[in-house]
Amino acid sequence: MLALSPFPPEMQREANPIRCAQINAQAVVELYFMQDRMSHMNWDDVRIFLAVARAGQILGAARRLDLNHATVSRRIAALEESLKTKLFRRLTTGSELTAAGERFLIVAERIEADMIEARSELAEEGENLTGTVRIGAPDGFGVAYLAPRLGNLTASHPELQIQLVPVPRSFSLSRREADIAITVERPAEGRLVAAKLVDYTLGLFASRDYIAANGMPSDRDELTRHRLVGYVPDLVINPSLDYASEFSPQWKPGFAISSAMGQTEAVRAGAGIGILHSFIARSVPELVPVECVPPIRRSYWLVYHESMRTLRRVQSVAAFISKAVEKERALFL
């Protein structure tokens, strides 16, 4: 089957290829020694193993699989018996993979990818997309950009369900917390496919009423004498988002909010001058740019796990997002 992808070949690659090659070599060796034992293994046991490995605990996996705790424990024990090795160490805080478990995880994820591909081929979806695709995104991009546009996709494909999770946190694609993630940096490791979506800018903005009452700062020194709205530093999910010092070394917000949309609303209400996403702030009539410091540039990336390469609904959603952003690229700068 031809794998569908919204990205050209030169934009598709796994992060950290040397590490991936090392892991693949380990997996080949592990498969060689396990091949006789694996002949007695079934896919359901592998699926349960993956759920426990990703959740880090049997109870969490049981909830995710909608099974009871005892069933999950029994199936893991049966899998370990069939492989003649311990895959997990039971701790008071959960379940931790053993060295053999870490190696088997690579094998299990490859089996999972093969199952996904086989199901995709057998489904013969044609033009109708079915199933669920979960998208994890920063709240600014997720709420202000994706939320108003993804409805067009579900309208075209009534049997497709989109779950948009626009929160300021990182998502683990290997743990299947999301099928697609929008990130602010290219991932450095993992079996992931990543492509740059678009550059965007962040700049200083204030409400018209605030500027009328307090005046427009003319330089960085004057900026520090104004009320400032910012983010909560210890809740920043990525170092590239800790950018306040690029606007002023003395940036000390009196009002800090751990949400891009929350910061926008506070600035709109007159709480002070804030560092906002330009593509969001320009859509708010009450806001004006504060040009004493030039905007800075960051990037959005679209990322998914390599096992999603052949899953048509995931590829179609990724393509929809990529095409929408490409069409409106000027909006972000």
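Out of Leu241, Leu204, report the one residue that is closer than 17 Å to His277 by Cα and modelled with pLDDT of 95 or more. Give the steps one after another, and end with the answer.
Working: Leu241 fails: modelled with pLDDT of 95 or more.
On inspection, the qualifying residue turns out to be Leu204.
The number of residues in the stretch 261-277 being buried (at least 21 other Cβ atoms within 10 Å of the Cβ) and either without any contact (Cβ under 8 Å) to a residue 12 or more places away in the chain or outside any helix (DSSP H, G or I) (or both) comes to 5. Inside the stretch 114-138, residues that are at pLDDT 85 or above and crowded, with 20+ Cβ neighbours inside 10 Å make up a count of 5. Applying the criterion of being surrounded by fewer than 21 Cβ atoms within 10 Å (Cβ to Cβ) and in contact with a helix residue (DSSP H, G or I) (Cβ under 7 Å, 6 or more places away or on another chain) to the residues of the stretch 164-173, the residue that is modelled with the highest pLDDT is Leu164. Quick check: anything in the stretch 291-305 assigned to a helix (DSSP H, G or I) and at pLDDT 95 or above? No: zero hits. The residues listed here are Ser258, Ser248; of these, the one that is under 15 Å from Leu228 (Cβ atoms), among the polar types (S, T, N, Q) and not in a strand (DSSP E or B) is Ser248. Listed by position, the helices (runs of 4 or more DSSP H) enclosed by the stretch 40-104 that each have at least 1 residues that are in contact (Cβ under 8 Å) with a residue 40 or more places away in the chain are 43-55, 69-83. Kindly check whether there is at least one residue in the stretch 215-233 that is of a type in the set (A, V, I, L, M), modelled with pLDDT under 95 and surrounded by fewer than 19 Cβ atoms within 10 Å (Cβ to Cβ). Within the stretch 215-233 (the criterion being of a type in the set (A, V, I, L, M), modelled with pLDDT under 95 and surrounded by fewer than 19 Cβ atoms within 10 Å (Cβ to Cβ)), the answer is yes, since at least one residue qualifies. Tell me, yes or no, whether the stretch 208-221 has at least one residue that is touching a residue at least 12 places away in the same chain (Cβ under 8 Å), over 23 Å from Ile257 (Cα atoms) and among the basic types (Lys, Arg). No.
Consider Val288 carefully, then state whether it is outside any loop (DSSP other than H, G, I, E, B), in contact with a strand residue (DSSP E or B) (Cβ under 9 Å, 6 or more places away or on another chain) and surrounded by fewer than 19 Cβ atoms within 10 Å (Cβ to Cβ). The answer is yes for Val288. Ala99 meets all of the listed conditions (1) hydrophobic (A, V, I, L, M, F, W, C); (2) in contact with a Leu (Cβ under 6 Å, 6 or more places away or on another chain); (3) modelled with pLDDT of 90 or more but one, namely (2).
Residues in the stretch 176-194 that are exposed (fewer than 15 other Cβ atoms within 10 Å of the Cβ) and in contact with a helix residue (DSSP H, G or I) (Cβ under 7 Å, 6 or more places away or on another chain): Glu189 alone.
Going through the stretch 229-245 one residue at a time, which ones are small (Gly, Ala, Ser) and assigned to a strand (DSSP E or B)?
Residues of the stretch 229-245 that are small (Gly, Ala, Ser), as a first pass: 230, 240, 244-245.
Gly230 - this is the single residue of the stretch 229-245 that is small (Gly, Ala, Ser) and assigned to a strand (DSSP E or B).
Farther than 24 Å from Ala61 by Cα and touching a residue at least 12 places away in the same chain (Cβ under 8 Å): does that describe Pro166?
Numbers: farther than 24 Å from Ala61 by Cα: no; touching a residue at least 12 places away in the same chain (Cβ under 8 Å): yes.
Considered against the rule, which asks whether it is farther than 24 Å from Ala61 by Cα and touching a residue at least 12 places away in the same chain (Cβ under 8 Å), Pro166 comes out as no.
The values are calculated or read from the model by the stated rules, or taken from the named source; none is laboratory data. As the structure is a computational prediction, the values presented were derived from the model and not from experiment. Heads up, the Cβs are rebuilt from the backbone with ideal geometry, glycines too, and the neighbour counts pull from every protein chain shown.
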